[in-house]
1. I'd like the full set of residues that are touching a residue at least 24 places away in the same chain (Cβ under 8 Å), surrounded by 17 or more Cβ atoms within 10 Å (Cβ to Cβ) and more than 16 Å from ligand 3 (Cβ to nearest atom), limited to the range 183-194.
2. Looking at the range 158-173, is at least one residue surrounded by 23 or more Cβ atoms within 10 Å (Cβ to Cβ) and assigned to a loop (DSSP other than H, G, I, E, B)?
3. Pairs please, first residue from the range 224-250 and farther than 13 Å from Leu270 by Cβ, second anywhere and at pLDDT below 95, Cβ atoms under 6 Å, 6+ apart in sequence or on different chains.
4. Considering only residues that are assigned to a loop (DSSP other than H, G, I, E, B) and of a type in the set (Phe, Trp, Tyr), which ones fall in the range 177-200?
5. Test each condition in (1) over 20 Å from Thr138 (Cα atoms); (2) open to solvent by less than 10 Å² (accessible area, probe 1.4 Å); (3) more than 14 Å from ligand 3 (Cβ to nearest atom) for Val180 and report the one that comes out false.
6. What's the number of the only condition in (1) under 15 Å from Tyr70 (Cβ atoms); (2) under 16 Å from the mean Cα position of the chain (by Cα) that Ala85 fails to meet?
7. Taking the condition more than 16 Å from ligand 2 (Cβ to nearest atom), open to solvent by 50 Å² or more (accessible area, probe 1.4 Å) and modelled with pLDDT of 95 or more, does Ala124 pass?
8. Is at least one residue of the range 206-214 touching a Gly at 6+ places or on another chain (Cβ under 6 Å), under 24 Å from Ser9 (Cβ atoms) and not charged (D, E, K, R)?
Amino acid sequence: MLNIGCHLSASKGYLNMGQTALSIGANTFQYFSRNPRGGNAKAFDADDAAALVALAGEHGFAPVLTHAPYTLNPCAASEATLDFAHRALSEDLARLEAFPGALYNLHPGCHVGQGVEVGIKKIAESLDAAMFPGMGTTVLLETMAGKGSEVGGRFEELREIIDRVRLSDRVGVCLDTCHVYDAGYDIAGDLDGVLTEFDRIVGLNRLRAIHLNDSKNPLGSRKDRHERLGFGSIGLPALSRIVNHPALRHLPFFLETPNELDGYRQEIALMREQYEK
Ligand code: FE
Ligand code: FE
Ligand code: ZN
């Protein structure tokens, strides 16, 4: 069975997201750990968390993906921004211990003029400060479009971060189809070639989740504007090859397309139809 879900609002709590996912034909979902624009997370509700774990178990959910807020920049130049990143990372990772085998998706960061090398070093230091021995969560570095000073637009950069992190066995990668396409990896024209390169540099064993998005812009545009599946430059045939690829088809897929709930329901049904049994 295809493991697929979409990004959901966390405003009504954990169990509500699980129920919403079921109502649209999903068997997983993604949500923001806190307001994407930053700030404090709401108080942790352990009963609500346990209710989601029970629901997910009952319905055979694939791993749920918790997305760090966009304002969390693990390689910020300013002390205050870096301090927020460290606090939010530590708090998020501590909370996720309530969810066995959780996945935590993180944008590696923006080096904001400090240079890629300084960025990579700071990202690894931030992860080292927040990760702890025995943790059950895997931190996923998201592949980025490479816009502005984003780190993580090249597979080599992700590899360097992983190599520097102390608990690197708890670090993986989430591949965003819109981002890698915008970064210049031609997953529409040469999926096998891109995956071979990913395997050589990062290792396919590190790949734990896929953000399944079409792109509003052409290959290599470095724009990062998501499009609904089949309405962008990647196109439905290529997205269909992605969910069916032998190296990918077992992974959880998360839609981050510009949709309301009903649009997500339709895209989930569409990709389930495309999935070969
Ligand atoms: Fe993201
Ligand atoms: Fe993404
Ligand atoms: Zn994006």
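The values are calculated or read from the model by the stated rules, or taken from the named source; none is laboratory data. As the structure is a prediction and not an experimental result, all values here were calculated from the model. Cβ sites come from the backbone with ideal geometry, for glycine too, and all protein chains shown count toward neighbours. Areas reflect the complete protein model, heavy atoms only, side chains present, ligands, DNA and RNA absent. Shrake-Rupley method; radii C 1.70, N 1.55, O 1.52, S 1.80 Å.
1. Ala188, Leu191
2. For the range 158-173, residues surrounded by 23 or more Cβ atoms within 10 Å (Cβ to Cβ) and assigned to a loop (DSSP other than H, G, I, E, B): absent.
3. Filtered contacts from the range 224-250: Asn244/Glu276.
4. We begin by selecting, within the range 177-200, every residue assigned to a loop (DSSP other than H, G, I, E, B); these are 183-190.
Matches in the range 177-200: Tyr185 only.
5. Of everything listed in (1) over 20 Å from Thr138 (Cα atoms); (2) open to solvent by less than 10 Å² (accessible area, probe 1.4 Å); (3) more than 14 Å from ligand 3 (Cβ to nearest atom), Val180 misses just condition (3).
6. The one condition Ala85 does not meet is (2).
7. Numbers: more than 16 Å from ligand 2 (Cβ to nearest atom): yes; open to solvent by 50 Å² or more (accessible area, probe 1.4 Å): no; modelled with pLDDT of 95 or more: yes.
For Ala124, the condition - more than 16 Å from ligand 2 (Cβ to nearest atom), open to solvent by 50 Å² or more (accessible area, probe 1.4 Å) and modelled with pLDDT of 95 or more - is not met.
8. Step one: list which residues in the range 206-214 are touching a Gly at 6+ places or on another chain (Cβ under 6 Å), which gives 206, 208, 214.
Still in the list and also under 24 Å from Ser9 (Cβ atoms): 208, 214.
Next, from what is left, pick out any that are not charged (D, E, K, R): none.
Checked against the condition, which is being touching a Gly at 6+ places or on another chain (Cβ under 6 Å), under 24 Å from Ser9 (Cβ atoms) and not charged (D, E, K, R), the range 206-214 yields no hits at all.
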